[in-house]
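As structure tokens, the structure follows; a few thoughts come after it.
The values are calculated or read from the model by the stated rules, or taken from the named source; none is laboratory data. Quick caveat, the model's predicted, so the values are computed rather than measured. Using ideal geometry, Cβ is built from the backbone for each residue, glycine included, and neighbour counts are taken over all protein chains shown. Please note that ligands, DNA and RNA were not included when accessible areas were found on the heavy atoms of the full protein model with its side chains. Shrake-Rupley method; radii C 1.70, N 1.55, O 1.52, S 1.80 Å.
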Amino acid sequence: MIQSKIIRPFVEINLAEHCNLTCALCDHYAPFLPEKYADIEATHGDLMALSTVLHTNHLLLLGGEPLLHPEFDEFCRMAKSVQISHQLVLVTNGILLHRMSSEAWQMIDGIRISRYPGVKISVKRKMLEAQARKYNVWIWESDVKMFDITESTAEITDQCLRNTIFTNCLMGHICNTIHDGRYYRCPPSVFIQTRLSKRGVELDNHKEDSVMIQNNSNLKAELEMLLFRSDPLEACRYCLGGLGRKEPHKMLNKKESQQIIGLPMEQEFNYSEIREDFVYCNATK
Ligand code: SF4
Ligand code: SF4
């Protein structure tokens, strides 16, 4: 009975939080996170509870790099069995595509492949097309040469700017995340606490920016409050959403990632972090 449920376009699950690449501006923070995999049983419990009140168009299996998950097939089987989504979609950097079993190809409905400069996909184009035809899987490849900067270097204290970023934030309006038993409004709000803690800032945003999924008798009402709120999240205090400047893609080496991770926050927000083509007018001035 889908009609009475909350309908969402995209819901993400981070199958592996870490990645086999080190993109400097990864908004999932994967290059800086330790090896960690989504637990199949716990995620099954989350999806079962959610499926009573919510349906999504695409359930996105991503990360980090989702194909690093040692029980990828089992995870797909579980996710498919819950019937919470129209489609089960793999989002990958393509390095481990050769590992996909025929059973996984059968269960997946679509694959989004991000191609990064200098990175080779492990399956030849002809083979990929043949597999896609055989298993009726759509494939969407995109060349990612530029990244949006989402992490601000200081707290955004200008309330008008924070509202502007939030109300124009596509991610915050269409893409939710299931993580460690909670349902989050957007992907950055999951990891921003970890990001900031490494830079000496404490942000306790999980309670406000997400909803506990299992054993929650008020689940639907709490989800509606989270998903249809019009004021920014706690995480938005440090996030540029889709209005940050763009920078060319860069892969970090180990030394660079250590240097970046510990950079202290600035005292004041620098407005030049906002995209040049976005003309910001502070209505409260
Ligand atoms: S491949 Fe994707 S998940 Fe991995 S570091 Fe790059 S942007 Fe992040
Ligand atoms: S934290 Fe706020 S601005 Fe950043 S992606 Fe989420 S909703 Fe958008």
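Odds and ends about this structure:
- Residue in the stretch 146-157 that is more than 16 Å from ligand 2 (Cβ to nearest atom) and surrounded by fewer than 13 Cβ atoms within 10 Å (Cβ to Cβ) present: yes
- Filter result (touching a helix residue (DSSP H, G or I) at 6+ places or on another chain (Cβ under 8 Å) and open to solvent by 30 Å² or more (accessible area, probe 1.4 Å)) within the stretch 200-211: E202, D204, H206
- Test set (1) hydroxyl-bearing (S, T, Y); (2) in contact with a helix residue (DSSP H, G or I) (Cβ under 8 Å, 6 or more places away or on another chain); (3) buried (at least 20 other Cβ atoms within 10 Å of the Cβ) - T56 fails condition number: (2)
- Candidates in the stretch 119-134 are the residues that are without any contact (Cβ under 8 Å) to a residue 40 or more places away in the chain and hydrophobic (A, V, I, L, M, F, W, C); of these, the one that is most open to solvent (accessible area, probe 1.4 Å) is M127.
- Extreme residue, nearest to ligand 2 (Cβ to nearest atom), among residues of the stretch 196-207 that are assigned to a helix (DSSP H, G or I) and at pLDDT 95 or above: H206
- In the stretch 10-22, the residues that are open to solvent by 40 Å² or more (accessible area, probe 1.4 Å) and under 14 Å from the mean Cα position of the chain (by Cα): F10, C19
- For the stretch 148-167, the condition holds for at least one residue, the condition being that it is in a strand (DSSP E or B) and within 18 Å of the chain's Cα centre (by Cα).
- Only one entry in A221, A235 is at pLDDT 95 or above, of a type in the set (G, A, S) and out of contact with any Ser or Thr (no Cβ under 8 Å at 6 or more places or on another chain), namely A221.
- Contact annotation: residue pairs with Cβ atoms under 7 Å, 6 or more positions apart or on different chains, pairing a residue in the stretch 169-195 that is farther than 19 Å from L219 by Cα and assigned to a loop (DSSP other than H, G, I, E, B) with a partner that is among the hydrophobic types (A, V, I, L, M, F, W, C) and near ligand 2 (Cβ under 10 Å from one of its atoms), are P187/M171; P187/C175.
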